[in-house]
Each structure stands twice: as structure tokens, then as C-alpha cells.
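The values are calculated or read from the model by the stated rules, or taken from the named source; none is laboratory data. Bear in mind the structure is a predicted one, so any value in this text is a computation, not a measurement. Cβ coordinates were reconstructed from backbone atoms using ideal geometry, including for glycine residues, and neighbour counts include every protein chain displayed. Please note that ligands, DNA and RNA were not included when accessible areas were found on the heavy atoms of the full protein model with its side chains. Shrake-Rupley method; radii C 1.70, N 1.55, O 1.52, S 1.80 Å.
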Amino acid sequence: MTIQINMRFYCHDLKGFLKAIGTYFNHPGDHISSLGVLFDQLEKENRSVLLILHNFDELWSEKTLKDGYNAGFIDDLNRLREREITLLCVTEQRDTPLQAGGSKLDATPLPLPEVTKPQLLAELQRRPLPVATSELPALAEWLLKQKAPYSQLDAFDAEWYSLRMWQE
């Protein structure tokens, strides 16, 4: 089972984060108090899991974890390696502080190469954007000039694309 969560939507909402994970395997998340408790349930069901936390850096404000997240959360992530659960934290910040309250995430950084124009074009074609196919190369060029090209795709609504705001 692959569980993908965009931490941008849950950076101030630990309960919402837990509930979102619970929806992947039909577990009501209302009474879940921690990530560890939630994965105890998954372990009872004998499921192997890949947990992908996109925008992991959104959990920190400076060097402090945001609302509801604490050292216990980091400890729960570290304990995933004792289970049939693989953790992948995705961040665009190379200097993400992977610690809080004396607990440090036991992770190995793996820098990825910069996204390429063909990769961006493939992603643009995959998404239902209100942009003519003939304009996708220009949009890809604009995205490549941005600090975090792939994330920019999620930063704008359909109107922004239909107004061709990248051309201004």
C-alpha cells in the first residue's frame, strides 16, 4: 500500500493528518492519538506500506515543529523502520531541520537532480490544465526558471493558467 500525504495541507493539523492516513485503509481517524497508534492498526492487518510525505519541510517554522507536531511525532517516524513501513520524506529545502525537542529524524538525505523540460512537459500533459497543447513548452520554460518548478504547478488555480499569467 502506498500512502501519499501533502504536508502543506496538514502542517497545522496533526489530527487531520492522522485522519487522512486512516482513510487509506478505512480506519476512522477521529480517535487516533498518534502516528504510532495508527500504524499499530496497519500492522495488525499485515500490510506493507510506503508512506510518502510530500512538502515535509512545511512542518517547520524556523527550527520548530508547527502546531500539534512534537518530538513524539519524530519518534513515531523513526520507529517506522521497526515495522513493515517505508518512509519517504520529500522536501525542496536542502536544509530542512529534521529534529524537534531533542528528537532527530533518522533519515538519509538523497538529493534529486533538477527537473528537466521533458519531465515538466510530461507532467503538464498529464494534468488537466486549461492550457493549449501548443502553449505547454512556453509554460515549461517559465516553470524551469522558478525556484521549485514542480511545486509551482500546484500553487496556481485554473484561472491563473487560463489567463496565461506565466507570459507576463
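List of remarks:
- Backbone HN-Hα couplings from phi across region 67-74 [Karplus 6.51/-1.76/1.60, Hz, Gly and Pro as x]: 2, x, 8, 8, 4, x, 4, 4
- Sequence-distant residues sharing a close amide H with Q4 (under 5 Å, placed H): I52
- Scoring 138-145, 160-167 by mean Cβ neighbours within 10 Å over their residues and listing the highest first yields 138-145, 160-167.
- Rolling a 1.4 angstrom probe over the protein heavy atoms with all chains in place gives the chain an accessible area of 61 Å² per residue.
- Qualifying lysines (Cα of each under 20 Å from Cα of K104; at least 8 residues distant if same chain): K63, K66
- Residue-wise HN-Hα couplings along region 105-118, as the Karplus relation 6.51 cos²θ - 1.76 cosθ + 1.60 with θ = phi - 60° gives them from phi, are 5, 8, 9, 9, x, 10, x, 9, x, 4, 5, 9, 4, x Hz; Gly and Pro carry x.
- Across S48, S134, S151, mean-square fluctuation computed from a Gaussian network of the chain (C-alpha pairs under 10 Å connected) peaks at S134.
- Solvent-accessible area, 1.4 Å probe, carbon plus sulfur percent, for region 2-104: 45 percent
- Packing around the peptides 119-131, 101-113, 2-14, taken as the average count of other Cβ atoms within 10 Å per residue, puts them in this order, highest first: 2-14, 119-131, 101-113.
- Taking a straight line from the alpha carbon of K145, these lysines sit under 21 Å away, with near neighbours fewer than eight places off in the same chain left out: K117.
- Helix 35-44 and the longest principal axis of the C-alpha atoms of the chain enclose an angle of approximately 80°.
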